[in-house]
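Just below is one structure, and these are the notes that go with it.
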Amino acid sequence: MTSTHVVWLAVVMSLYPCMLKAQDVGIDTVSVNARRLSEAERASAPMTVLGREELERMGASDVSDAVRHMSGVQVKDYGGIGGLKTISVRSLGAQHTAVMYDGVAVSDCQTGQVDISRYAIDNVENLALSIGQTDDIFHSAKQTASAAVLDISTQTLSEESMLRVRTGSYGMVGPTLLYRKFIDNTLHVSAYADYLRADGNYRFHMKNGKKNINEKRNNSGVSTYRGELSVTWMPSHTQTLKAKAYLFDSDRGLPGSVVYDNTYAAERSHDRNYFGQFNYENRMSDRWKLSASAKYNWTWSQYTDKDIAREVDDRFRQTEVYTSAVVWHQPTKGLEMSVAQDIAYNYLHANTPQCIFPSRYSLLTALASRYSIGNVTATASLLNTVIIEDSKKDTPADDHHHLSPAISVSWRLPVQTNWRLRASYKDIFRNPTFNDLYYIMLGSRSLRAEKTRQWNLGTVWSHSFYNRPAWLQYVSITADAYYGRVDDKIVAIPKMFFWTMFNIGKVETKGIDVSVAANGKYRKIQWYASATYNYMDARDITDRNTAAWHDQLPYTPLHSGSATITVENPLVNLTYNLVWTGPRYSMQINLPSTRMEAYSDHSVSIYRIFPIAKNQLRLQADIRNIGGKNYEVVRFYPMPGRNYQFSLQYSF
């Protein structure tokens with residue numbers, strides 16, 4: 001099939017919903033939370049789901065706080081309230097993790113990294129992380145095209161509204177409003193708005209070489225506005241149309257790295273992001289389903305620096321148009337099939353010298369099938385990716401074409417408890433970003449795409465104790481061993497007086513992810529506990545003759561983990577969170593001078609809910625980083641020490 005045929009197929013599939021006749025009016029009020037949790041246990045590839053209740057018990061203040069408790073995840077945090085936060089899964093890098101927002105992909109064609117600090121936690125209903133091939137084949141081709149997917153879901157058919165006010169250390173103030181309402185029995189509207197400001201100038205202590213530094217961060221202030229309007233229309237019990245308008249505006253200082261005793265920084269970043277998206281789903285029958293999505297995304301960013309001889313004022317504008325259509329069919333009992341077609345257009349405009357104003361057309365076609373028989377479920381997919389590069393000036397980079405297969409199998413053992421074995425394989429690739437290809441004195445237009453292969457073998461065991469003491473009601477244990485290999489890894493190499501990008505990297509990763517969850521009740525005390533442990537051996541196997549041969553990848557700890565314990569009682573509820581990371585290195589070559597020490601972050605949330613008529617008032621106090629250590633997630637970017645946060649939330 002040619003690219004032209006692919007385009008016409010996608011256009012027809014996208015327009016088809018508009019030609020369907022609406023059916024009788026009704027409401028689809030099925031809740032999917034419990035189903036998604038059980039889906040994670042049944043999945044043939046690793047999957048973690050955190051619902052609204054788990055997020056509230058955890059006391060997470062943003063998406064990155066919650067994601068850090070997922071198995072196999074590393075969050076790169078540049079410090080401060082307004083610091084950039086990106087997610088990497090199993091050492092593959094942020095560019096290999098797709099972020100979906102209410103079922104539609106979030107993208108950044110310039111850097112390939114999605115800043116998850118842009119998305120609020122207050123209106124999130126579910127956070128789901130899947131690694132490799134998923135059992136759900138009714139989704140966009142973009143989800144198939146990534147090594148891992150973080151799905152952020154906000155829309156829910158509820159009338160519960162909320163007003164929240166937060167305040168805390170470093171001058172932090174943040175009001176939030178969430179309003180949900182049924183206009184009639186077919187139309188639901190949700191509006192969300194928040195504002196956050198803080199000076200962010202915390203004191204820190206760190207050792208740089210032999211010198212002890214006791215200073216105060218500067219230029220860490222942040223001011224952020226965010227707003228969302230979501231509409232769900234259900235013209236019949238088989239049709240659902242969801243639309244969302246989103247705006248984000250932030251002005252923040254970039255505190256910079258602390259090199260020796262120089263703590264001054266004058267860099268600033270001003271970011272704006274506006275997008276509109278819709279998703280239409282038609283459950284035409286028990287055997288046919290159709291979904292179509294479209295999105296227009298506009299992103300503007302400005303980087304300034306006045307602390308140098310020549311003042312810098314770089315401005316970038318990204319424009320994206322994205323469409324997706326999926327058809328699902330069940331020809332016979334136990335067998336499901338789907339075809340998904342995505343088309344995306346990306347354009348980058350910059351005021352920087354030598355910008356060639358690049359654009360990119362991406363065509364992704366995914367064929368998938370799932371077969372269940374008895375205790376065995378098998379899922380397979382084949383993704384065809386076509387990347388077409390263009391530019392207004394000069395010669396663009398080469399086009400790319402790639403076929404990516406994936407398969408996964410789950411087998412439930414014939415025993416009384418819910419015990420499953422699972423195995424999966426996925427072949428995927430990462431296309432170079434605009435920065436990789438075109439950035440001044442850095443990019444290389446001859447770059448090839450990174451090729452990634454992942455193998456996973458795991459087991460899941462869970463059990464509900466109906467006839468046992470109430471203090472233990474449920475236990476779940478998950479363990480996965482994995483192997484991954486990346487060829488043609490894109491790396492930056494110094495060359496004369498500047499750096500440039502090359503395809504010389506090869507990476508081999510071996511690891512184990514273990515997670516445990518349990519809950520129970522003793523008299524009037526309800527408790528919940530969960531813990532994760534990650535072993536990740538990610539080595540550079542590019543060239544035996546280089547100093548970096550078989551060294552651990554930068555910012556990849558060999559050991560890491562997390563734990564959460566919540567105790568609820570009539571007096572007050574208490575949650576303890578722990579995130580710990582072992583030693584790691586900040587550079588490709590593992591030297592004593594590049595070794596970063598292990599750290600652990602302990603936090604406590606204390607909260608109580610007061611009923612007021614049919615409404616609720618929730619008071620919460622958080623103590624973060626109880627140990628007060630200014631550990632570093634990124635080298636020379638010290639994190640805040642002990643800090644406090646207080647919130648008042650009124651639900652109505």
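Which is under 30 Å from Met284 (Cα atoms) and either of a type outside the set (Lys, Arg) or out of contact with any Phe, Trp or Tyr (no Cβ under 8 Å at 6 or more places or on another chain) (or both), of Ser190, Ser223?
So the residue among Ser190, Ser223 that is under 30 Å from Met284 (Cα atoms) and either of a type outside the set (Lys, Arg) or out of contact with any Phe, Trp or Tyr (no Cβ under 8 Å at 6 or more places or on another chain) (or both) is Ser190.
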Checklist outcome for this item: Taking the range 392-411 and keeping only residues that are buried (at least 16 other Cβ atoms within 10 Å of the Cβ) and in contact (Cβ under 8 Å) with a residue 40 or more places away in the chain, one is left with Pro396, Ala397, His400, His402, Ser404, Ala406, Ile407, Ser408, Val409, Ser410
Item to check | Selected residue (criterion: farthest from Ile541 (Cα to Cα)) from residues of the range 559-568 that are under 22 Å from the mean Cα position of the chain (by Cα) and either touching a residue at least 60 places away in the same chain (Cβ under 8 Å) or open to solvent by 50 Å² or more (accessible area, probe 1.4 Å) (or both) | outcome: Thr564
Checklist entry - Do any residues in the range 597-609 that are more than 27 Å from Pro638 (Cβ to Cβ) have Cβ atoms under 8 Å from those of residues that are open to solvent by 50 Å² or more (accessible area, probe 1.4 Å) and part of a strand (DSSP E or B), where the two are at least six apart or on different chains, and which pairs are they? => result Tyr607/Leu619; Arg608/Leu619; Ile609/Gln616
Checklist entry - Which of (1) crowded, with 20+ Cβ neighbours inside 10 Å; (2) at pLDDT 90 or above; (3) not in a loop (DSSP other than H, G, I, E, B) does Ile87 not meet, given it meets every other one? => result (2)
Item to check | Of all residues making up the range 83-121, the number that are polar (S, T, N, Q) and on the phi > 0 side of the Ramachandran plot | outcome: 1
Checklist entry - Does Leu571 satisfy the condition of being under 22 Å from the mean Cα position of the chain (by Cα) and open to solvent by 20 Å² or more (accessible area, probe 1.4 Å)? => result no
Checklist entry - Only one of these conditions is not met by Ser158: (1) of a type in the set (Ser, Thr, Tyr); (2) part of a loop (DSSP other than H, G, I, E, B); (3) on the phi > 0 side of the Ramachandran plot. Which number is it? => result (3)
Next on the checklist: Give all pairs with beta carbons closer than 6 Å in which a residue from the range 159-179 that is without any contact (Cβ under 8 Å) to a residue 24 or more places away in the chain and open to solvent by less than 70 Å² (accessible area, probe 1.4 Å) meets a residue that is of a type in the set (Phe, Trp, Tyr) and not in a loop (DSSP other than H, G, I, E, B); count only pairs at least 6 apart in sequence or on separate chains.
Outcome noted: Pro175/Tyr195
Checklist entry - Do we have Ser593 as over 30 Å from Gly511 (Cα atoms) and either buried (at least 19 other Cβ atoms within 10 Å of the Cβ) or out of contact with any helix residue (DSSP H, G or I) (no Cβ under 6 Å at 6 or more places or on another chain) (or both) here? => result no
Checklist outcome for this item: Only one of Arg370, Arg360, Arg420 is in contact (Cβ under 8 Å) with a residue 40 or more places away in the chain, of a type in the set (D, E, K, R), farther than 30 Å from Thr478 by Cα and open to solvent by less than 60 Å² (accessible area, probe 1.4 Å), namely Arg360
Checklist entry - Is it fair to say Ile606 is open to solvent by 20 Å² or more (accessible area, probe 1.4 Å), in a strand (DSSP E or B), of a type in the set (A, V, I, L, M) and closer than 30 Å to Val173 by Cβ? => result yes
Item to check | The listed residue being open to solvent by less than 40 Å² (accessible area, probe 1.4 Å) and not charged (D, E, K, R), out of Val376, Val327 | outcome: Val327
Next on the checklist: Taking the criterion of being open to solvent by 40 Å² or more (accessible area, probe 1.4 Å), within 25 Å of Leu382 (Cβ to Cβ) and either part of a strand (DSSP E or B) or at pLDDT below 85 (or both), would at least one residue in the range 491-503 satisfy it?
Outcome noted: no
Next on the checklist: Anything in the range 90-116 that is of a type outside the set (A, V, I, L, M, F, W, C) and either assigned to a loop (DSSP other than H, G, I, E, B) or at pLDDT below 85 (or both)? List them, or say none.
Outcome noted: Arg90, Ser91, Gly93, Asp102, Gly103, Ser107, Asp108, Gln110, Thr111, Gly112, Gln113, Asp115
Checklist entry - Scanning for something open to solvent by 10 Å² or more (accessible area, probe 1.4 Å), polar (S, T, N, Q) and at positive phi, does the range 122-133 turn up at least one residue? => result no
Next on the checklist: If I filter the range 536-555 for residues that are surrounded by fewer than 14 Cβ atoms within 10 Å (Cβ to Cβ) and of a type in the set (Val, Ile, Thr), do I get at least one hit?
Outcome noted: yes
Item to check | strands (runs of 3 or more DSSP E) wholly inside the range 206-309 that include at least 1 residues being open to solvent by less than 30 Å² (accessible area, probe 1.4 Å) and under 30 Å from Ile183 (Cα atoms) | outcome: 222-236, 239-254, 267-282, 288-305
Item to check | Subset tally (residues that are closer than 17 Å to Thr581 by Cβ, outside any loop (DSSP other than H, G, I, E, B) and at pLDDT 90 or above) for the range 612-649 | outcome: 1
Checklist entry - Yes or no: Asp102 surrounded by fewer than 22 Cβ atoms within 10 Å (Cβ to Cβ) and over 18 Å from Gln155 (Cβ atoms)? => result no
Checklist entry - When the range 504-535 is examined, which residues are found to be open to solvent by less than 20 Å² (accessible area, probe 1.4 Å) and farther than 30 Å from Tyr474 by Cβ? => result Gly505, Val507, Thr509
Item to check | the range 609-631, subset open to solvent by 70 Å² or more (accessible area, probe 1.4 Å) and not aliphatic (A, V, I, L, M), residue nearest to Thr564 (Cα to Cα) | outcome: Lys629
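The values are calculated or read from the model by the stated rules, or taken from the named source; none is laboratory data. Fair warning: this is a prediction, and the values are worked out from it, not measured in the lab. Cβ coordinates were reconstructed from backbone atoms using ideal geometry, including for glycine residues, and neighbour counts include every protein chain displayed. In case anyone asks, the SASA skips ligands and DNA or RNA and just uses the protein heavy atoms, side chains included. Shrake-Rupley method; radii C 1.70, N 1.55, O 1.52, S 1.80 Å.
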